[in-house]
Structures are given as structure tokens and as C-alpha cells.
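Here's the structure we're looking at; comments come further down.
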Amino acid sequence: MTTFDTLRIGGSSLFVHRKWMDAVSDNIANINTVAAPGEDAFQERMIVAEAVEYGSGQGGVRVARNELGSAEGRMVYEPDNPLADDEGYVRYPDIDLGEQMTQLLMAQRGYQANLSTVKAATEAYQQALQLGKG
Amino acid sequence: MSALHASLTGLQQRQRVTADNIANIQTPGFLAGRVDFESTLQSEIANGETPVAGQGSVTRSMDPTRTDGNNVNLDTETIIQTETGLRYQLALSALDGKYSLLRSALRTS
Amino acid sequence: MTSPISGISFGMPTTGIPGMAGITDAAGISGIASASATPSVSGDGGFAAILTSQVDNLNAVQGNADALALQAATGDLQDAHDYMIASTEARLATDTVVTLKNSAVAAFTEIMRMPI
């Protein structure tokens, strides 16, 4: 356990939430990425958060791994699309914009909560360093 | 005064654990941690012993969990964080006040 | 302590030393509290005993502050306030010893100046 540990814990969560926002913005950017029916659709990317040494007092969070969503996608009838197969279907990714926006809001809220943690910890540490100076 | 020191250590630990709770708000299966140092401190003072500046006990909260097994409530943690910060600063001021009192006593000699 | 001071303490009024009351009342500091456990400065060697015990206590308090400073330097320190408290205690203990020494020397000089 190091000095000013609370800053490290808050910082680790800021990193994880930023990774989450990156994944969500990546999903939203590729929401209309079409694939031919023979290939995999663009897979939704999700990150799995994991507590650092849960219960040991080490504290903090990290990204355990990426999970990919379904590769099936949705089959949409678009015969004019150059990638369409003989029956006129193309594969769209199975990503719901509403759900992604909700996740973006949650990630943002978590990010701000951890910013306030870092701020509160900094204030407390600075006050402690003034002890006995008066 | 060592009671103030003991409370500072306990409050700092609570701040760390609360930061850990807020950091793990999305972690599946994570149960919020709770620090209790007040009961040890109170019993030590009631028994007339000198409080030792040790760590409080950390327990896992048994609040109901969401579907992913996480039971961290952001509002609760934010309140705890603010309160702990204020109490920490209060204890620091009290300690600082005692020190300046002693210093002025020494200075008048 | 040297014999002249211990010989003088027998007839020295405790209230004559300004600031002593402030020091003995401040029993809160854990480092100094051990010394002011003997608050009654009366009888032979009372003041000398306080001064010697304060000097001994000073070593312990300064050693503790140094150890914590080392931890702070290497990053092993758990709580920042631990070091601040220890360094303030060390500083106050040093001030106490210096004040006591000054009072003792002043009282000694005063008495030596008395015409016999």
C-alpha cells in the first residue's frame, strides 16, 4: 500500500471508464458497417471490469478482458448494396443505438464520480501536509 | 490526542475503501466495503485505554445486489466520501489547534 | 545532570519558572505525556529529573520521526498524516528541551549572581 493510495484507486477507475467509453464510441461509429453475408458482422465490443485483488485491501479496478458480441448480426434486405448476396441480404451489426447511448451516459457518470474521488482525496492529502505548520 | 490520531488513520482508511467502491461501480460481483473504526475507538476510550492508531475493520456490505452481482450505490458512496473528507479535515484542525496551543505555551517561557 | 542544578532545585519555587505550568498542563502529547507523568516538581532533583527524562524522550521521538521520513521517501508510508504528526511532535519535544535548558541556565545564572 503506497502513500496517497486513494489517488491511484481513483485513477485506475478513470482509466477503465475511459476504455469503456472508447469501446462504446467504437460500437456507435460502426453501427452501420455492412458486411457480406459470408463474413462475420461487426461485433459489439464490451469490456469486463475486474477488481484488483478483491478483498485484499489493494483496491482499484482494471480491465480484465474484452468480450465480443454476436457475429451473426442482423440480416437486412438491401439488393442494391454491392455487398449483397444472390438473395439481396447484407449483414448489419447487432448493435442497439439506444443501449449504447445509455452505456455512454453510465460511463460518463462513473467517470465523473471518480474524478470527484480524486479531487476529495487530493484536498484531504493537502490538508494533512499542512499539519503542524501553523 | 492519540484519539485524534487514531480517528485520522480510520478516516483515511474509510476514504480509501470508499474510493475503491466508487472505482468498482461496474465490476460484476463486487460487494461494497465498509470500514468500522469508531466502535473500537469508543470502547478503548470508555475503558480508559490509550487509543492505538491502527486500522479499522473492513467488512463487505450486505446490501441487495443488482443483476450483475454488484451492490455499490453511487449516491451512498458519494455521501460517505463527502462526510469522511469533512471529518478528516475537522480532526486535522483539532490536532493543529492542540499543537499551536503547546507551541504558544513553550514560547511564553 | 550536573550537581549545581540538582543542589539548587531544593529551594527553587516551581512557579518562578515561566512557562513550566504550560508545559506540565499539556499532558496530551503522547511523547511528552510520559515525562509529565511526574508533574509535582518538589524535592531534590525534581527539575533535573524532568529535564533528563525529556532529553531521553526527545531521542525516541526524533528516531520515530526519522523512520517515518524514510518511509515517506521510499513511498512505503501508509498515511501522510502519520509523518506530519511525528515531525510536529519531534519539533515540540525539541522546543521543550531547549526551553527547559534555557530556564535552567537562566535560573542558575541568576542565583550565581546573588551576592553571598
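Of note:
- With the charge dipole of the protein assembly as shown set up from +1 on Lys and Arg Cβ and -1 on Asp and Glu Cβ about the Cα centre, the Cα lying farthest toward the positive end among the listed residues B:LEU101, A:GLN112, B:GLY48 is that of B:LEU101.
- Positive-pole candidate from A:THR33, A:TRP20, C:LEU92, dipole of the protein assembly as shown, charges at beta carbon: C:LEU92
- Charges were assigned to the Cβ only: +1 to each Lys and Arg, -1 to each Asp and Glu. The resulting dipole of the protein assembly as shown about its Cα centre is roughly 2120 debye.
- Computed per residue of the protein assembly as shown from DSSP H runs no shorter than four, each worth -39500 (n - 2.57), the mean residue ellipticity at 222 nm is -19500 deg cm²/dmol.
- Fewest-first ordering of A:VAL90, C:VAL55 by other beta carbons within 10 Å of each residue's beta carbon gives C:VAL55, A:VAL90.
- The trypsin sites (Lys or Arg not before Pro) of the range B:1-102 that DSSP puts in a loop, and whose beta carbon has at most 16 other beta carbons within 10 Å, are B:ARG66.
- Dividing the mean sequence gap of close Cα pairs (under 8 Å, 6+ apart) by how many residues the range B:2-107 holds gives a relative contact order of 37 percent.
- Neighbouring Cβ atoms from other chains, within 10 Å of the Cβ of residues in A:7-14, number 4 on average.
- Unit charges on C-beta of K, R, D, E only; dipole of chain A, Debye: 1340
- Gyration tensor (alpha-carbon) shape descriptor, chain B, a/c threshold 1.5: prolate
- Ranking B:ASN70, A:TYR125, A:ALA64 by Cα position along the charge dipole of the protein assembly as shown, where only Lys, Arg, Asp and Glu carry charges on their C-beta atoms, puts A:TYR125 farthest toward the positive end.
- Neighbouring partner chain Cβ atoms per residue of B:96-104, average, 10 Å criterion: 6
- Sorted by Cβ neighbour density within 10 Å, fewest at the top, the residues B:ILE22, C:ILE111: C:ILE111, B:ILE22
- Each Cα pair under 8 Å and six or more residues apart adds its separation to the average, and for chain A the resulting relative contact order is 31 percent.
- Per-residue mean of C-beta atoms belonging to partner chains within 10 Å, peptide A:113-125: 5
Computed from the coordinates by the stated procedures, all read-outs in this text should not be read as laboratory data. None of these values were measured; they are calculated from a predicted model. So basically every Cβ, Gly included, is an ideal-geometry build from the backbone, and we count neighbours across all protein chains shown.
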